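Worksheet: the structure to be examined is printed underneath.
The numbers here are math on the coordinates, done by the rules we state, and not lab data. Worth saying up front: this structure is predicted, and the values here are computed from it rather than measured. As a convention, Cβ positions derive from the backbone with ideal geometry for all residues, glycine included, and neighbour counts pool all protein chains shown.
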Amino acid sequence: MDAARDLEELYRRVRAVGRHDTGARLFGANMHGWKVFRLSPEEQTEAEARHQLTLPDAYRWWISDGPGAGVGPFYGLLHPLDTERAEGELDGAIPLSDHGCGYADYLYTRGERAGQVWVDFREADGPLVTWYPSFERWLDAWLTRAFAEWGLEYLTATPPEGADERFLTEVDEAMARIDAGVDDPMLAQYPLPADKLRIARGRRHLHAQRFDAARAAFDAAAAVSREPDAVRALGECEIASATSDHAALLSAADTGLLAQPLWWISEKQLLLHRVHALEGLARWSEAFEARVKSAKHDPNDVKQQLDLVWINVLRKDIDAAADHLLATAQRGTGCDRNAPLAARIEYLSAGLLDALRAEDMRDQAQQLEAALATRVAHA
């Protein structure tokens, strides 16, 4: 494959990961937004004059025919007209990207280092060293990490919606490559968490109903986790959920909740698994108590709080529903904490009241509205 086709393939991968990063969750995406911002020939000439160098062919193609300045590693590819000429040991290099903390990447354009990407860690008394042998290798390393990072951010127990199979295959390949311990300086400097990587790989096995492979991946994640028993139990919960085995789900959740150490986020996930298990087993009273416990664990989770309000209405306990919604509004959960209490309650209750009316539960909606008005008056 020639150099131009290499760059075109890299650009295809950029478009693929950008199209699938719908929430701009990948590192730096909130800055560049995966937007194309190409430089005109006049701007390229001006950049050469500013930096007193000749732009390398690969870099020139990327900024003129590829995504341009913006999209790229770390906080994005720097616009050459927004940077100053590099001097000293970096003379003849063009700035590529900013890592934050004063670290940056540079592409040499002449001399024995021509074509190489170097990284400057001197801000923290580190070295100025070779990073990648070429601009293309630098981009490839970033994209491999980006595909794997997408897996960590977007792969849940349920298959992702809207992700095409080719992209998911590339995500699988990137995660497997990194999990195997690929020798890559960017990953060595900024590693992805091994436990989360293996959990994501386990979820891909779950999507394909490869349950033994999923369990092996979850066990491998537990082996490198600082809360191994909890991670193992969470893996068993996901397998049980995928197979609709509510008894096994309850058992795994209960086992996990006894684990030590048990981090706050893992406890939250296990409490929710316990709720779903009890509801699946139609053990409604226990499920309600489990929901109360889960909501207390994370009082800032507005969905859990409103779910409890809804369930109390279904249980015909309007006072409990109103009390819980009042407490949620007083904490400012899911609403503007600086707004008056009445406005907070109105904001939190609007969708709930509309849903009750849509379900032909107008009497309950009216009762809840009246109970809330009484509480606001006496607050």
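A few comments on the model shown:
- Applying a DSSP loop filter and a limit of 12 other Cβ atoms within 10 Å to the trypsin sites (Lys or Arg not before Pro) in region 25-57 leaves 35.
- Packing, taken as the mean count of other beta carbons within 10 Å per residue, orders the peptides 181-188, 295-302 from highest to lowest as 295-302, 181-188.
- Over the chain, relative contact order from alpha-carbon pairs under 8 Å, at least 6 apart, %: 8 percent
- DSSP-loop GluC sites (Glu not before Pro) across region 1-89, with at most 16 other Cβ within 10 angstrom: 84, 87
- Every Cα-Cα pair in region 303-379 was counted, and those over 20 Å apart are 20% of them.
- Mean projected area (nm²) of the alpha-carbon convex hull when region 44-106 is viewed from all directions: 4.1 nm²
- Cα gyration tensor of region 199-249 - equivalent ellipsoid semi-axes, whole Å, descending: 17, 13, 6
- Extreme residue, positive dipole direction of region 3-143, given options 41, 108, 72 (C-beta unit charges): 72
- Its relative contact order, with pairs defined as Cα atoms under 8 Å and 6+ residues apart, puts region 3-143 at 19 percent.
- One chain, two ends: residue 257 and residue 124. Fully extended at 0.36 nm per residue, the span grows by 43.7 nm beyond their Cα-Cα distance.
- Distances between every pair of Cα atoms in the chain, grouped in 20 Å steps from 0 to the bin holding the largest one, split as 23, 41, 29, 7, 0 percent.
- Three principal axis lengths of region 3-143 [C-alpha, angstrom, descending]: 41, 35, 25
- Region 303-379, relative contact order in percent, only Cα pairs under 8 angstrom and at least six apart counted: 30 percent
- In Å, descending, principal axis extents of the Cα set of region 91-160: 52, 26, 14
- Whole-Hz couplings from phi, Karplus 6.51/-1.76/1.60, listed for region 232-249; x for Gly and Pro: 4, 5, 5, x, 5, 4, 5, 5, 5, 5, 5, 9, 6, 9, 5, 5, 5, 5
- For residue 77, the amide hydrogen comes within under 5 Å of the amide hydrogens of 70, 71, 72, counting only partners 5 or more places away or on other chains and with H modelled in the peptide plane.
- Under 5 Å between amide hydrogens, built in the peptide plane, is the criterion, and for residue 104 it picks out 99, 120 among residues at least 5 positions away or on other chains.
- Net +/- balance of residues flanking residue 200 in space, Cβ distance below 11 Å, scoring K and R +1, D and E -1: 0
- Springs join every pair of Cα atoms under 10 Å in this Gaussian network model of the chain, and among 56, 127, 191 the largest mean-square fluctuation is at 127.
- Magnitude of the charge dipole for the chain, about its Cα centre and with charges confined to Cβ atoms of Lys, Arg (+1) and Asp, Glu (-1), is about 1000 debye.
- Here residue 296 is the anchor, and the aspartates and glutamates within straight C-alpha reach of less than 13 Å, apart from those fewer than 8 places off in the same chain, are 267, 307.
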